[in-house]
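The values are calculated or read from the model by the stated rules, or taken from the named source; none is laboratory data. All figures in this text were calculated on a predicted structure; none of them were measured in a lab. With ideal geometry, Cβ positions are generated from the backbone for all residues, glycine too; neighbour counts draw on all protein chains shown. Keep in mind that these areas ignore ligands, DNA and RNA; they rest on the heavy atoms of the full protein, side chains included. Shrake-Rupley method; radii C 1.70, N 1.55, O 1.52, S 1.80 Å.
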Amino acid sequence: QVQLVESGGGLVQAGGSLRLSCAASGRTFSSYAMGWFRQAPGLEREFVAAISWFSGTTTFYADSVKGRFTISRDNAKNTVYLQMNSLKPEDTAVYYCAAKSGVATRNLGDYGSWGQGTQVTVSS
């Protein structure tokens with residue numbers, strides 16, 4: 001399994017931007033599909049975005065973030081990013097990155113490796 005560490009969370013005003021990073025250990029990062037998920041207080045963890053393994057040419061997003069968030073990866077740095085623009089108070093949550101072998105999916109149960117999460121708080 002791969003070890004994952006998220007960073008980049010914080011407090012931002014509505015309409016602002018943040019970029020989350022997820023650094024992975026190991027030399028096989030490019031072989032993993034990567035996903036971002038989030039969990040708000042009292043709610044279940046939900047899918048945010050995912051990117052395919054190696055080239056990362058395939059990306060997909062939850063409808064709630066489409067057009068505002070962008071997922072990308074840099075295999076040379078063993079890092080996946082989540083650029084978040086036009087943030088809304090409802091984006092407030094702990095954000096987690098996750099890794100899986102094979103194709104990227106929206107299903108959190110498919111992902112075997114998880115980071116510890118980073119808090120994002122959007123004030124109105």
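Computed quantities for the displayed model
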| read-out | value |
| --- | --- |
| Gyration tensor verdict on the chain (Cα atoms; rounded if a/c is under 1.5, prolate if a/b is larger than b/c, oblate otherwise) | prolate |
| Rg ratio (alpha-carbon, reference 2.2 N^0.38 Å) - the range 1-67 | 1.25 |
| Placed amide H near residue 32: partners under 5 Å, 5+ positions off or other chain | 54 |
| Total charge dipole magnitude, the chain, about the Cα centre, Cβ charges on Lys, Arg, Asp, Glu only, Debye to nearest 20 | 260 |
| Protection proxy ranking, peptides 28-39, 103-114, average beta carbon neighbours within 10 Å, highest first | 28-39, 103-114 |
| Efficiency of FRET from Cβ geometry, residue 60 and residue 40, R₀ 22 Å, rounded to 0.05 | 0.60 |
| List 92, 70, 79, 57, ordered by accessible area with a 1.4 Å probe, largest first | 57, 70, 92, 79 |
| Rounded to 5, percent antiparallel among DSSP beta bridges of the chain | 90 |
| Cβ-defined net charge surrounding residue 105, 15 Å radius [Lys, Arg +1; Asp, Glu -1] | +1 |
| HN-Hα J in Hz across the range 47-62 - Karplus 6.51, -1.76, 1.60, θ = phi - 60°, x for Gly and Pro | 5, 10, 7, 8, 9, 6, 6, 6, 6, x, 6, 9, 10, 8, 9, 5 |
| Whole-angstrom gap from the range 1-71 to the range 95-124, using each part's C-alpha centre | 6 |
